[in-house]
Every structure is written in C-alpha cells, then in structure tokens.
Amino acid sequence: MNNNSWEQLQAQDSRYIWHPYASATDIPEVFPVVAASGVRLELADGRELLDGMSSWWCAIHGYNHPALNRAVQEQLGRMSHVMFGGLTHPPAVKLARLLTEITPPGLQRVFFSDSGSVAVEVALKMAIQYWYSAGRPDKRKLVALRNGYHGDTFGAMSVCDPVTGMHHLFGDVLPAQYFVPAPESGFGEDCPEQELAAMTELLNTHHQEIAAVIVEPVVQGAGGMRFYSPGYLVQLRALCDAFDVLLIFDEIATGFGRTGKMFALEHAGVEPDILCLGKALTGGYMTLAATLCSERICIGISEGEAGAFMHGPTFMGNPLACATAIASIELLLSQPWQRNIQRLQQALELGLAPARELGQVAEVRCLGAIGVIELRQPVDLKQIQPLFVERGVWIRPFGKLVYAMPPFIMSDADVATLTDAMVYVVARL
Ligand SMILES: *Cc1c(COP(=O)(O)O)cnc(C)c1O
C-alpha cells in the first residue's frame with residue numbers, strides 16, 4: 001500500500017490528528033485531498049469534487065492560480081520571512097497602502113497578524129488601550145450581537161454568541177461582555193428604530209464602561225449565515241458616536257467581494273473605527289490577517305502611557321503572505337468583479353430555488369456569492385457529508401445550514417451542478 005493511499009492517509013490521520021470542532025475518539029470520516037486546481041479538489045483515489053466552500057470563504061480565485069503561484073514563487077526567491085520588529089519590506093508596505101486605498105478613507109493604519117482570531121484580539125486590545133490612553137481605563141467592556149462569530153481565541157470567544165460559543169464551558173475564564181439581540185430585518189428591508197432598543201438602552205446605561213461594539217456587518221457568518229438590514233449599521237454608527245463608544249467591524253468573512261461589494265460595510269456606507277480582515281486576504285493561499293484603524297485611535301494609543309501598541313506576533317507581516325495578498329487583490333481589481341458576483345448570485349438563486357418547495361426547508365437565501373438553505377432540523381454531518389461526496393461536490397454543512405460560497409471563478413454550469421447536488425441531498429434528508 002503506498003503512503004499516500006486513501007486508507008493509509010485516513011488511518012494515519014485518525015491516529016495522529018485532531019480536526020476542527022471534532023472528536024478525536026468518535027472520529028468522523030475525513031476525505032484525503034492530494035491536489036486542487038480551479039474549482040476542483042482532487043481526492044487521493046482520483047475522484048474530483050466541485051468546491052462549494054472556497055475553503056471557508058478564502059479561495060476566491062480558485063486553487064493553483066497562475067498569478068498567485070507566480071507571486072509566491074517570486075517572493076520565495078527573495079525571502080520567505082524576516083522579523084517585523086525594526087525591519088520592514090516591500091510586500092508589507094505595498095499591501096498596507098493598498099488596503100488603506102480600498103477600505104473607507106478614515107482607516108489609515110494597518111496592523112498585520114497571522115489569523116482572523118488574532119486580528120480580532122488586536123482590534124479588542126486597540127479599543128481598550130485607546131480608552132486607557134485617553135485616561136478612561138473603566139471603558140474596557142465590549143458589546144456584541146447574538147448569533148455573532150469572531151474567532152476561537154479567548155478575547156474573540158468572549159464576543160461570540162454565548163450559546164454557540166459554549167461560554168458556560170469556559171466559565172469565569174472568559175471575560176464577561178454584553179450581548180444584544182441580532183437585527184431582525186432582512187437585507188433588503190428598512191431597519192425600524194426599535195430593533196436597536198436593547199442596544200440603545202445598554203449604551204445609555206453602561207457607556208462609561210464600554211470600549212467598543214463589535215459586529216460582522218450585514219452577514220453574520222458562522223453564527224447562523226444571517227443577512228441583515230444595512231440600515232441597522234447606520235443607526236448603530238450614530239449610537240456609538242452619541243455615547244462615545246468605538247465601532248469595530250469584523251469583515252474577516254465578508255471582505256474582498258463576497259457580498260457583492262468589496263466590503264460589506266459599503267452596503268450601509270458606514271465607516272467603523274476599527275476593521276478586521278482575514279480569510280480571502282491572500283486568496284486562500286496562506287494565513288494572514290489585518291486590523292485597520294483610524295488616525296484617532298492610532299495617535300491616541302501611540303501618545304498614551306505605554307507609548308506603543310502592546311502586540312507583536314512572530315510572523316507579523318510575513319513577506320510571502322503579503323506578496324500573495326497583493327497579487328490576490330490586484331487580480332480581483334483587474335476584473336469586472338461586481339458583475340461576476342451578481343452573476344453568481346443569480347446562478348445560486350436559480351439553482352437553490354427548488355429547495356423552497358421542500359418541507360424540511362425553513363428558508364432559502366442568497367446574497368452575493370453566498371447561497372444558504374436553512375433547514376428546520378440540524379443535519380447529521382456523518383450522514384450528509386458522504387452524500388455530497390458521492391454527488392461529486394464539496395459542501396460542508398453545520399447545524400441547520402447547508403450553504404455554498406463558491407470560488408468567484410465558478411462557471412454557471414458548475415454552480416448548477418453544485419446547487420442541484422444541494423437540493424438533491426436536502427430532499428433526501
Ligand atoms: C473565520 C472568522 C474569524 C476567525 O478567523 P480565523 O482565521 O479562523 O482565526 C473571525 N471572524 C469572522 C467573522 C470569521 O468568519
């Protein structure tokens with residue numbers, strides 16, 4: 001048996017590896033992938049899967065893209081990494097400038113880190129250190145929305161939905177934050193003022209101890225794939241200003257075109273004080289994240305007691321990742337990407353529409369290159385995962401959600417194959 005055979009890989013995997021959100025004793029089946037190209041994953045037994053997940057929102061240009069490969073190879077020939085303390089390099093400088101150009105004008109300073117969760121930690125620390133520097137050390141609590149997801153590290157976890165984030169498990173270790181109900185109005189709807197009643201009440205009563213509100217603008221991702229009214233964000237911005245509370249947008253999932261705008265905040269025309277980016281930043285090639293902030297925050301922290309922002313990951317500003325991110329953003333900007341995302345939204349809507357007729361389906365919704373079937377009951381992953389693989393597609397449901405967010409390069413015919421498989425499998429649950 002060769003070392004890369006299906007059985008060998010599965011056996012060794014279950015012997016040595018722990019997978020995300022999985023048991024290491026009651027081991028769910030994992031599917032060995034040996035290569036990926038365009039919108040297809042090649043399995044170790046030669047089968048191909050059409051990829052509906054973009055590797056968790058990341059691989060927007062598909063796999064093994066010549067332009068991204070070239071960027072990696074060119075940078076590899078120069079250097080793959082140098083420390084960022086006291087040193088800088090062209091990829092970091094160029095990427096930081098590019099990010100300030102494509103994000104709202106008030107965001108002028110970029111702090112690089114390794115992953116989305118760390119970008120959120122950085123954002124929370126920025127907010128707290130900003131108020132400390134301003135002589136208001138009591139402003140250190142955070143406000144988050146129910147159904148929100150911001151990552152798996154402790155600070156990030158403390159602002160995730162307390163139920164899906166399993167806060168009770170971590171008891172007193174997690175800092176206690178404030179939670180308010182998620183917006184109810186849908187994407188295309190107006191947001192009535194009373195939807196912010198709990199938020200208004202909370203900020204009114206506790207603003208003296210609140211540093212910031214953190215939300216995923218327009219799309220709540222891993223906390224339920226919910227799309228909500230951009231009008232909510234307009235009112236939230238005004239509230240934060242009125243109560244002297246900072247506003248943090250977590251666009252780690254939504255950034256770089258996924259919702260039909262470069263950033264989801266553009267649906268609302270609202271600027272945050274701090275913005276977190278990750279996931280699609282390098283086109284899914286490697287791990288990199290960024291936290292952007294306004295000059296006010298940057299100057300406030302820099303001129304405060306510490307005289308510096310107290311964070312510095314070892315792999316901060318990794319040149320290989322920065323070079324790839326530049327190539328990915330330039331590739332996106334070189335195309336009529338808005339029209340392309342509209343095309344994908346239409347293809348997803350068309351393909352998923354038949355699921356609306358199914359009794360087991362609660363709702364079907366699409367926004368940009370995101371298509372969601374929400375079921376009435378949670379799925380059994382062990383049962384459903386092999387069904388998708390048998391149909392030749394890679395869809396990874398969670399809870400009641402069977403959803404797709406394909407690479408932007410997927411053709412209409414491939415989207416139809418993907419959505420047909422989704423409807424077929426859901427109909428058989
Ligand atoms: C995935 C995600 C994170 C965490 O990013 P990691 O790279 O997994 O640490 C944070 N916020 C949102 C909205 C995400 O979707």
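The values are calculated or read from the model by the stated rules, or taken from the named source; none is laboratory data. Predicted model only: the values in this text are computed from it and were never measured. Here the Cβ positions follow ideal geometry from the backbone for every residue, glycine too, while neighbour counts run over all protein chains shown. Please note that ligands, DNA and RNA were not included when accessible areas were found on the heavy atoms of the full protein model with its side chains. Shrake-Rupley method; radii C 1.70, N 1.55, O 1.52, S 1.80 Å.
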Query raised in the report: Residue check: is Arg136 away from the ligand (no atom under 16 Å from the Cβ) and in a loop (DSSP other than H, G, I, E, B)?
Result: yes
Report task. List the number of the failed condition for Tyr149; all other conditions in (1) within 12 Å of the ligand (Cβ to nearest atom); (2) at pLDDT below 95; (3) among the hydroxyl-bearing types (Ser, Thr, Tyr) hold. Result -> (2)
Requested in this report: Any residue in segment 197-220 that's on the phi > 0 side of the Ramachandran plot: show its pairings with residues that are part of a helix (DSSP H, G or I) and aliphatic (A, V, I, L, M) at Cβ separation under 9 Å, as long as the two are six or more apart or on different chains.
Outcome: Val218/Leu233; Val218/Ala264; Val218/Leu265
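Tally the residues that are among the hydrophobic types (A, V, I, L, M, F, W, C), open to solvent by less than 50 Å² (accessible area, probe 1.4 Å) and more than 10 Å from the ligand (Cβ to nearest atom), restricting the search to segment 152-173. Steps first, please.
The initial filter retains those residues of segment 152-173 that are among the hydrophobic types (A, V, I, L, M, F, W, C), namely 154, 156-157, 159-160, 163, 166, 169-170, 173.
Next, from what is left, pick out any that are open to solvent by less than 50 Å² (accessible area, probe 1.4 Å): 156-157, 159-160.
Right, trim to more than 10 Å from the ligand (Cβ to nearest atom) and you get 157.
Qualifying residue count, segment 152-173: 1.
Mind listing just one residue for me: the one in segment 227-258 that is within 12 Å of the ligand (Cβ to nearest atom) and more than 30 Å from Arg136 (Cβ to Cβ) and, of those, nearest to the chain's Cα centre (by Cα)?
Ranking the candidates gives Ala253 first.
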Query raised in the report: Within the bounds of segment 227-242, is there any residue that is of a type in the set (Lys, Arg) and open to solvent by 40 Å² or more (accessible area, probe 1.4 Å)?
Result: no
Query raised in the report: Across segment 339-375, which residue is nearest to Thr259 (Cα to Cα) among those that are open to solvent by 10 Å² or more (accessible area, probe 1.4 Å) and in contact with a Cys (Cβ under 8 Å, 6 or more places away or on another chain)?
Result: Gln345
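So that you can scan it fast, the table gives a plain yes or no per residue for (1) without any contact (Cβ under 8 Å) to a residue 60 or more places away in the chain; (2) open to solvent by 50 Å² or more (accessible area, probe 1.4 Å); (3) away from the ligand (no atom under 16 Å from the Cβ):
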position	(1), (2), (3)
Leu41	no, no, yes
Asp45	yes, yes, yes
Ile60	no, no, no
Gln73	yes, yes, yes
Met83	no, yes, yes
His89	no, no, yes
Leu99	no, no, yes
Gln108	no, yes, yes
Phe112	no, no, no
Requested in this report: Evaluate segment 135-143: report whether one residue or more is out of contact with any strand residue (DSSP E or B) (no Cβ under 8 Å at 6 or more places or on another chain), acidic (Asp, Glu) and surrounded by 15 or more Cβ atoms within 10 Å (Cβ to Cβ).
Outcome: no
Report summary line: Checked segment 376-388 for anything open to solvent by 10 Å² or more (accessible area, probe 1.4 Å) and of a type in the set (A, V, I, L, M, F, W, C); matches are Val379, Leu381, Leu387
